[in-house]
Every structure is written in C-alpha cells, then in structure tokens.
Amino acid sequence: MTGTDTRSAAPAISIRGLHKSFGPVEVLKGIDLDVPGEVVCVIGPSGSGKSTLLRCVNLLETPTSGKVFVGRDEMTDPDCDLDRVRRRIGMVFQSFNLFAHLNVLRNLTIAQIKVLRRSRTEAEAIARRTLDRVGLAGRETAFPAQLSGGQQQRVAIARSLAMSPELMLFDEPTSALDPELVGEVLAVMRGLAAEGMTMMVVTHEMAFARDVADRVVFMDGGVVVEQGPPEQVIGDPQQERTRAFLSRVL
Ligand code: ADP
Ligand code: MG
C-alpha cells in the first residue's frame, strides 16, 4: 500500500450481497453497504441483525455468502490473512470486556506489546497519550472494578485506539451504562469523529446519530431498509418501517 491517493480510492468497508444464516434462520438477507472514510450509524429494532452485520465486518461471524472488503483486502477471500487485517480494525462492545486482573495501563499495553511487538516503553507512552484523549489521564494504576461503567468503557475505547486502528466498530457502546454515564462515552466518540476517525456505530442514541453520523443506515428484518444522511433517514424517512421505528424511539 502506497500513498493516500490509492488508499482513498477504496472505501474503508465495502459489503456486497452479504447473507448470514444461523442454522435454518437467515439473519442477514443480502446487505450492500459502503463505509467511506466517515461515520456511519446503524439503527434498527432489536433482532434486526445489526450486531451480526458488525461482526461479519471483521469476520467474527463467517458470512454464509457475499463479500466483505476492508480497504482493498477481501476478508471473505479464503486466502486473506484475517489477523493482519483485523489489526487495522478496533472494536468496542456493549460489555467492556476489560481484563479484570490487569490495571488500566496494562490493559492498554498488553496487545501493543504482544501483537504489535512494540517495546514496553513505547507502548506505555502511547497508552498514556491515549488515556489523556479519553479523559482518563492519571488513572493508569486503577483496576477496572474501581472505575465507573463510563470510565471502563472509555478505557475499552482507549485500548482499541492504542492499537492505532484505521477504523473503529462500535456495537451499542452505551447500552449497558447508567443514563448519567452515557454522555461521557458519547463525548469521546464525538471527539474521535471530529478527528476524522472512520467509524461504524450501532446505536440507539438518535441524537448522536443525528449530530455525528455522515450517514445513517436503518436495518429491519436482516435488510437495509433505508440509508442516507441523518436529515433524511431520521428527519424525513421515506419508508413506513423507518417511520414506525423512529416513532417508537424518538
Ligand atoms: P441486533 O443486534 O439487531 O439486535 P443480532 O444481529 O444480534 O440483532 O441478531 C439477529 C438475529 O440473529 C436474532 O434473531 C438473533 O437471535 C439471531 N442470532 C444472533 N446470533 C446468533 C447465533 N450465534 N446463533 C443463532 N442465532 C443468532
Ligand atoms: Mg445487537
């Protein structure tokens, strides 16, 4: 991969004809979606396939058919070096999944050292800078259980960022949080978006989607029902299913 010109030619994520079944149940029924270098929010009712779609992007779920590209790499090509491509993708889940027995600093350095082969000194310097970015400078020696849910989720985001990802996937990152802790996590994500991070965000936070997303994708029943700028999909939805969903959540 050479200069930015060639890289910008391919969308960060490109999904073509994606189907996913679990046994006899088809959960994704033919998804076509591009994520250029921007923020895409995926909304839709519970069970519509949002998490499955996100997990298919880094092949945590194996698609039944269809293609997934990350940049120019086809994840669904049997010859694809999945680990190498996954290193370029950060993922943050609803549950924070921190290492409970490691302090915050070690949570941020362990994969940098083991996967990226950074020196401890470099990994710690990057960890400290990244903690500062998520507003947690000075909490290096805390253990996850000593932190609030909002702080833990910010550590989880920092841990992903410390791996220098090209793009970030978020699956309902604020859904497990007490309402008063949601704002601090969304603020970090707004900051990332403002810095130009490519992000695919599954969320129920409609205000976030409206303000931050370049594009909103509404899913229902395993298909993309409608997608476009937030002013259109949230502000002036064209499809009845989108209107019905929004009337329940807004
Ligand atoms: P969402 O994130 O939109 O709530 P999911 O992608 O989690 O939706 O789930 C979509 C559907 O796929 C649901 O009916 C769910 O029960 C089913 N599903 C998800 N993961 C599995 C799995 N590993 N095995 C069987 N069914 C699954
Ligand atoms: Mg989900």
Looking only at lysines whose Cα falls under 28 Å of Lys29's and that sit 8 or more positions away or on another chain, we get Lys20, Lys50, Lys67
With the dipole of region 164-234 defined by +1 on each Lys or Arg Cβ and -1 on each Asp or Glu Cβ, the option from Leu169, Val233, His204 whose Cα lies farthest towards the positive pole is Val233
Mean 1/r over distinct Cα pairs of region 95-216, inverted to a Kirkwood Rh in Å, yields 14.7
Long-range amide H partners of Glu38, meaning residues 5 or more apart or on another chain whose placed amide H is closer than 5 Å, are Met199
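Give me D for region 1-118 in µm² s⁻¹, whole number, from Stokes-Einstein with Rh from the Kirkwood sum over alpha-carbon pairs, 10 °C and 1.306 mPa s.
It diffuses with D of about 98 µm²/s by this estimate.
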Asserting the computed 222 nm helical MRE of the chain (DSSP H runs at least 4 long, -39500 (n - 2.57) per run, divided by residue count, to nearest 500) equals -11000 deg cm²/dmol
Amide H proximity to Phe170 below 5 Å, modelled H, separation 5+ or other chain, gives Val92, Met200, Val201, Val202
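For the chain, give me the percentage of DSSP beta bridges that are antiparallel, rounded to the nearest 5 percent. Provide the component values of the computation, followed by the final result.
Values: 20 of 37 bridges.
Antiparallel bridges: around 55 percent, rounded to the nearest 5.
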Each label sits 7 Å from Cα toward the beta-carbon; between Ser65 and Arg129 the label points are separated, in nm, by 4.7
For the chain, the longest principal axis of the Cα atoms and the Cα long axis of helix 149-161 enclose an angle in degrees, to the nearest 10, of 90
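I'd like the trypsin sites (Lys or Arg not before Pro) in region 91-192 restricted to DSSP loop residues with at most 12 other Cβ atoms within 10 Å, sorted by number.
Details: sites: Arg106, Lys114, Arg117, Arg118, Arg120, Arg128, Arg129, Arg133, Arg139, Arg154, Arg159, Arg190; in loops: Arg117, Arg118, Arg139.
Listed in order of number, the matching sites are Arg117.
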Computed over the chain: longest principal axis from alpha-carbon atoms vs helix 179-194 long axis, angle to nearest 10 degrees, is 90
In whole Hz, the Karplus estimates of ³J(HN,Hα) for region 30-35 (6.51, -1.76, 1.60; θ = phi - 60°; x where Gly or Pro) are x, 9, 10, 7, 10, 10
Helix 104-114 sits off the longest principal axis of the Cα atoms of the chain, rounded to the nearest 10 on a 0 to 90 degree scale, by 80
Rh (Kirkwood, all Cα-Cα pairs) for region 7-62, Å, reads 12.2
Given unit charges at Cβ for Lys, Arg (+) and Asp, Glu (-), the dipole magnitude of region 1-135 about its Cα centre in debye, nearest 20, is 540
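Name the GluC sites (Glu not before Pro) in region 185-250 that are in a loop by DSSP and that have at most 11 other C-beta atoms within 10 Å, would you?
Values: sites: Glu195, Glu205, Glu226, Glu231, Glu240; in loops: Glu195, Glu205.
Answer by residue number: Glu195.
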Treating every alpha carbon of region 103-147 as one equal point scatterer without solvent, the Debye formula yields log10 I(q)/I(0) values at q = 0.19, 0.28, 0.34 Å⁻¹ of -0.52, -0.98, -1.18
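Just to check, using Stokes-Einstein with a Kirkwood Rh over alpha carbon pairs, what's the diffusion coefficient of the chain at 10 °C and 1.306 mPa s in µm²/s?
Numbers: Rh = 18.8 Å.
This corresponds to a translational diffusion coefficient of 84 µm²/s.
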Distance in Å, no decimals, from the C-alpha centre of region 131-147 to the one of region 29-84 is 31
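Values in this text are rule-based calculations from the coordinates and carry no lab data. On a predicted model such as this, the values are computed, not experimentally measured, just so you know. Using ideal geometry, Cβ is built from the backbone for each residue, glycine included, and neighbour counts are taken over all protein chains shown.
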